[in-house]
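Down below is the structure, laid out as structure tokens.
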Amino acid sequence: MRLSTAVTAGQVAALVGGEVIGVPERTLAGVAPLDAAGPGDLAFAAGPGSVARLAETRAGAILVPSALATHVPPDATAIVVPAPVDAVQRVIAEFGADRAEWGIHPSATIGSGTRWTGRIRVGPAATIGRDVRLGAGCQIGAGSVIEDGARLGAGCRVEAQVTIHRDVVLGDRVVVRTGARIGGPGFGYVLQDGRHVRVPQLAGCRIEDDVEIGANTAVDRGATRDTVVGAGSKIDNLVQVAHNVRIGSHCIVMAQVGIAGSSVVEDEVMLAGQAGLADHLTVGKGSRVAAQVGVIGNVAPGATVSGYPARDHRSVLRQTAALARLTPLVDTLERIAQHDE
Amino acid sequence: MRLSTAVTAGQVAALVGGEVIGVPERTLAGVAPLDAAGPGDLAFAAGPGSVARLAETRAGAILVPSALATHVPPDATAIVVPAPVDAVQRVIAEFGADRAEWGIHPSATIGSGTRWTGRIRVGPAATIGRDVRLGAGCQIGAGSVIEDGARLGAGCRVEAQVTIHRDVVLGDRVVVRTGARIGGPGFGYVLQDGRHVRVPQLAGCRIEDDVEIGANTAVDRGATRDTVVGAGSKIDNLVQVAHNVRIGSHCIVMAQVGIAGSSVVEDEVMLAGQAGLADHLTVGKGSRVAAQVGVIGNVAPGATVSGYPARDHRSVLRQTAALARLTPLVDTLERIAQHDE
Amino acid sequence: MRLSTAVTAGQVAALVGGEVIGVPERTLAGVAPLDAAGPGDLAFAAGPGSVARLAETRAGAILVPSALATHVPPDATAIVVPAPVDAVQRVIAEFGADRAEWGIHPSATIGSGTRWTGRIRVGPAATIGRDVRLGAGCQIGAGSVIEDGARLGAGCRVEAQVTIHRDVVLGDRVVVRTGARIGGPGFGYVLQDGRHVRVPQLAGCRIEDDVEIGANTAVDRGATRDTVVGAGSKIDNLVQVAHNVRIGSHCIVMAQVGIAGSSVVEDEVMLAGQAGLADHLTVGKGSRVAAQVGVIGNVAPGATVSGYPARDHRSVLRQTAALARLTPLVDTLERIAQHDE
């Protein structure tokens, strides 16, 4: 990623409150991963897993925690900070080339009664309905649609081609990636005379502070109570969150997970990719659900579950091992059983 | 959901042909679920499952079937109707605040030869191709793209950012939710000299009356015969329907289901979330496929299948129980088998 | 599919270098599959599987390989070519009714510094950022967004409502279908003081020549190295490709597959629908992964794997058969084991 202007290692250190070990005059024109960085790039290393990559890097300057400072090659300038990930984010926010141009593009459409605070950005061909509220620093990407009555907190970043349906509420600093659909009517029908008749989805959808929602993910609005995604939770791409679902705080929901209606995911849960949760169940605080697992009952707080149906991961491992041992015995066991009958 | 204008319980009863028990002058400014409704809201209760929620509700007026009338709290006005779900839909259609503004937004693009009947709505930044036909009352959301030659029946509602590909045919009252892609070319290739060469997808895509298609779902056009979704079927979010597939009438297809090429889903089938159907098979009328199930052969009419590969649900339950009993015996059985050899 | 102008069988043969058997003056107004074609349509047949359909077809003219020429009905004109699929593609490209209108629609937005070669097409409400490069013959569909610094080779076809994120590189003749999201930031977080903090995704995304990417599919950019899709690979709808993933050349990735971060899929691999690959593993050249399979370790080159966790397909079949035989014996085996203890 190119920076909008070249900076020195010393300027970076001043911005992020870091200590320079090496040449502070080193000029940096971009930010790149350790493996791809050249002498004009700033890189970063966060944990002990980066030691081997540090030995090989050609980066000009590297943001590191103090524990890694001795691993920075002698040709590079080290910038020592407590939290390198935070520091590189600050550098990108300050000097990154894709800093938003503030203002409302003339091809955007803004409905009556819509209000905002401070400076905002609305991209080309975006459509904002009536009576929408946008907090200071909100960015609405090209082609996105914000329906009537939606309320966005401060610093939300809605990427291109997103839909925020009517009356949806986003907290502060919510990030919604391209193609995500937030607050559409859920999949609720009753059977009347052989026809499926839609049940009105009258409740809302609330996304709390610091949530991120991935590309092409769908979060439906509630039928009988609001669908909620709790503060700090991160949802990956192509995830389905059905009506009335409540996801707690600081959860991780990986790609292609599906959560059926009215289920509750408590705080700090991790749902791995392609896992599916049936409706009306509770996944307890701090539990972990393995990839592709089918959860059809409650999961205890702190549990790790796998298999289908989901159960304690160790018992799944035991059963898998036992069945692998029984398979080659099948001829013998069949013969014994027949003799015994 | 706020109403566009406050109405009385009596006005609601007159609209839906209901009987008022209580105060007909009760003023209602919104429609809300039983749990969230306040004294100024209309709510509804459809089945016996709502009895507990009726006892707790603070709603000002409630649409109920006669069997539930005695459960309406004394402070609320009951409006007794045969089908509360239909009634609340009529109230929303008549008084809802998000009633469409009819007409074509000046930022929309309409191709030559495109014709429509009666009043229609086309949102901002929508693109409608050449020789398209739109029935009376069609609504095309912001940013949607309707390609050349597509034909939509009366009263279709295409939400924002949808794609309807060339020559696709929608019946009457079809609802297509945000981000759905209808009639794109299917995934068909032949291997020639080590390269995958695309097979032209020459057939079409037909969506019959009263079908609903969920957010970010993809329904591909046919290669050798039209892809068809039958009347009254409802498809949830993030579903994949491949080329040449035929889905019958009044089916329910839940989120993240995948149906591979040329398979046939007969009438009144229920496919639960994340289920997958292999290609060129038939799922018989009225059958039910459980969540996450992999269907790799035909399913008999009326069957309920689960497991991988899909088979009769009761035999799956029997096998699961049997294997759970065998697992703790593995040491003993292994010893017995070794003695016996 | 209607043609933009009626052509004769002789004209088609001249275009594709074919030999006419029958009436070269036959007039053709459209292209259709064998089953749906009428006397005014051109159809094609590619392999021996088409013999039965040839016997029934009413097509006016048919592109066939020489091995199928004797199966063309006497009323139809045969046009014999070595590769009928290629031939019909050429006919559609030359005479198809949906030939693009070249030029930039006045409602599109083009950023400063963006350059292109030869003629291109940019549809209504499309947004192209700054410093983008578009090769000759590129087509950008309605409502698509190409972010700053992206580079597209010659002859790319980006359908409607696609996102190409900043600095993404597409080779020549890449096809991206509606709603696909290419190069968005991957799902990478570190836990700091109980909060998930985003790790900057600094690497890029490169899609090589002749790749096709399906509707609503998401391919994330890299965190530490570029995400790559190799030449000639074809990806279906609703697929998730995470950060740092490398997909080789001439692979087939079917609908709803998920590939987790940093995994490597070597050349000529086939991943069937809804399969899931865990992170940091390698799927060897020419291997095949069955539908819905969960791959949690490396797959050997040339292997065919199924089951969960994925393992050799024949051993899965053996285990499935063995367990089906053990299930009915469970009562007897349990009794024997208890006696023996």
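So the values come out like this:
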| item | result |
| --- | --- |
| Filter result for C:Gly179 (more than 9 Å from chain A (Cβ to nearest Cβ), on the phi > 0 side of the Ramachandran plot and out of contact with any Pro (no Cβ under 7 Å at 6 or more places or on another chain)) | no |
| Qualifying positions in region C:267-303 - among the hydrophobic types (A, V, I, L, M, F, W, C), farther than 24 Å from B:Leu277 by Cα and open to solvent by 40 Å² or more (accessible area, probe 1.4 Å) | C:Ala300 |
| Condition check for A:Ala93: surrounded by fewer than 17 Cβ atoms within 10 Å (Cβ to Cβ) and assigned to a helix (DSSP H, G or I) | yes |
| Pairs with Cβ under 7 Å, 6+ apart, first in region A:24-42 and more than 12 Å from A:Ala76 (Cα to Cα) and assigned by TED's automatic domain parsing to the domain that holds A:Val80, second of a type in the set (A, V, I, L, M) and assigned to a strand (DSSP E or B) | A:Ala29/A:Leu3; A:Ala29/A:Ala6; A:Gly30/A:Leu3; A:Val31/A:Leu3; A:Val31/A:Leu42; A:Ala32/A:Ala43; A:Pro33/A:Ala43 |
| Per-region count, region A:205-220, residues open to solvent by 10 Å² or more (accessible area, probe 1.4 Å) and either outside the structural domain of A:Gly248 (by TED's automatic domain parsing) or touching an Asp or Glu at 6+ places or on another chain (Cβ under 8 Å) (or both) | 3 |
| Where C:Leu326 falls short, out of the listed (1) among the hydrophobic types (A, V, I, L, M, F, W, C); (2) more than 11 Å from every other protein chain (Cβ to nearest Cβ); (3) farther than 24 Å from A:Ala272 by Cβ | (2) |
| Qualifying residue in region B:304-323 (condition: away from every other protein chain (no Cβ under 12 Å), surrounded by 18 or more Cβ atoms within 10 Å (Cβ to Cβ), in contact with a Lys or Arg (Cβ under 8 Å, 6 or more places away or on another chain) and at pLDDT 95 or above) | yes |
| Which listed residue, of C:Leu271, C:Leu277, is modelled with pLDDT of 95 or more, in the same structural domain as C:Gly222 (by TED's automatic domain parsing) and within 15 Å of the chain's Cα centre (by Cα) | C:Leu271 |
| Hits in region C:169-226 (condition: in a loop (DSSP other than H, G, I, E, B) and small (Gly, Ala, Ser)) | C:Gly171, C:Gly179, C:Ala180, C:Gly186, C:Gly188, C:Gly194, C:Ala203, C:Gly204, C:Gly214, C:Ala215, C:Gly222, C:Ala223 |
| Residue list for region A:125-148, filter: within 25 Å of the chain's Cα centre (by Cα) and either at pLDDT below 95 or of a type outside the set (A, V, I, L, M, F, W, C) (or both) | A:Thr127, A:Arg133, A:Gly135, A:Gly137, A:Gln139, A:Gly141, A:Gly143, A:Ser144, A:Glu147 |
| A:Asp236, sole failed condition from (1) more than 10 Å from chain C (Cβ to nearest Cβ); (2) touching a strand residue (DSSP E or B) at 6+ places or on another chain (Cβ under 7 Å) | (1) |
| Residue check for B:Arg157: within 14 Å of chain A (Cβ to nearest Cβ), among the basic types (Lys, Arg) and closer than 19 Å to C:Gly123 by Cα | no |
| Output for region C:110-126, where each listed residue is open to solvent by 30 Å² or more (accessible area, probe 1.4 Å), closer than 17 Å to C:Val158 by Cβ and polar (S, T, N, Q) | C:Thr117 |
| Of the criteria (1) within 26 Å of B:Asp148 (Cβ to Cβ); (2) of a type outside the set (Val, Ile, Thr); (3) open to solvent by 60 Å² or more (accessible area, probe 1.4 Å); (4) at pLDDT 95 or above, which one C:Arg99 fails | (4) |
| Strands (runs of 3 or more DSSP E) contained entirely in region B:1-72, each with at least 1 residues that are open to solvent by less than 50 Å² (accessible area, probe 1.4 Å) and among the β-branched types (Val, Ile, Thr) | B:2-8, B:19-21, B:27-31, B:61-64 |
| Residue list for region B:203-215, filter: touching a strand residue (DSSP E or B) at 6+ places or on another chain (Cβ under 7 Å) and within 14 Å of chain A (Cβ to nearest Cβ) | B:Glu208, B:Val211, B:Glu212, B:Ile213, B:Gly214, B:Ala215 |
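Residues are listed down the side, and each one gets a yes or a no for (1) of a type in the set (A, V, I, L, M, F, W, C); (2) more than 14 Å from chain A (Cβ to nearest Cβ):
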{"position": "B:Ala6", "(1), (2)": "yes, yes"}
{"position": "B:Val16", "(1), (2)": "yes, no"}
{"position": "B:Thr27", "(1), (2)": "no, yes"}
{"position": "B:Val31", "(1), (2)": "yes, no"}
{"position": "B:Leu54", "(1), (2)": "yes, no"}
{"position": "B:Thr57", "(1), (2)": "no, no"}
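Yes/no per residue for (1) facing chain C (nearest Cβ under 8 Å); (2) of a type outside the set (Phe, Trp, Tyr); (3) touching a residue at least 40 places away in the same chain (Cβ under 8 Å):
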site: B:Val168; (1), (2), (3): no, yes, yes
site: B:Gly171; (1), (2), (3): no, yes, yes
site: B:Gly183; (1), (2), (3): no, yes, yes
site: B:Tyr189; (1), (2), (3): yes, no, no
site: B:Arg198; (1), (2), (3): yes, yes, no
site: B:Gln201; (1), (2), (3): no, yes, yes
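Per-residue answers, yes or no, for (1) surrounded by fewer than 22 Cβ atoms within 10 Å (Cβ to Cβ); (2) assigned by TED's automatic domain parsing to the domain that holds C:Gln240; (3) within 21 Å of C:Val239 (Cβ to Cβ):
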residue	(1), (2), (3)
C:Ile128	no, yes, no
C:Cys138	no, yes, no
C:Gly149	no, yes, no
C:Ala160	no, yes, yes
C:His165	no, yes, yes
C:Val169	yes, yes, yes
C:Val176	no, yes, yes
C:Gly179	no, yes, yes
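For (1) in a loop (DSSP other than H, G, I, E, B); (2) of a type in the set (S, T, N, Q); (3) away from chain A (no Cβ under 14 Å), each residue gets a yes or a no:
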{"site": "C:Glu101", "(1), (2), (3)": "yes, no, yes"}
{"site": "C:Ser107", "(1), (2), (3)": "yes, yes, no"}
{"site": "C:Ser112", "(1), (2), (3)": "yes, yes, no"}
{"site": "C:Arg119", "(1), (2), (3)": "yes, no, yes"}
{"site": "C:Pro124", "(1), (2), (3)": "yes, no, no"}
{"site": "C:Arg130", "(1), (2), (3)": "yes, no, no"}
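Residue-wise test of (1) farther than 18 Å from C:Val283 by Cβ; (2) open to solvent by less than 10 Å² (accessible area, probe 1.4 Å); (3) of a type in the set (D, E, K, R).
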position	(1), (2), (3)
C:Ala203	yes, yes, no
C:Asp226	yes, no, yes
C:Val241	no, yes, no
C:Val245	no, yes, no
C:Val257	no, yes, no
C:Val264	no, no, no
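The values are calculated or read from the model by the stated rules, or taken from the named source; none is laboratory data. All figures in this text were calculated on a predicted structure; none of them were measured in a lab. We place every Cβ from the backbone using ideal geometry, glycine too, and count neighbours over all the protein chains shown. With ligands, DNA and RNA removed, areas are computed over all heavy atoms of the protein, side chains included. Shrake-Rupley method; radii C 1.70, N 1.55, O 1.52, S 1.80 Å.
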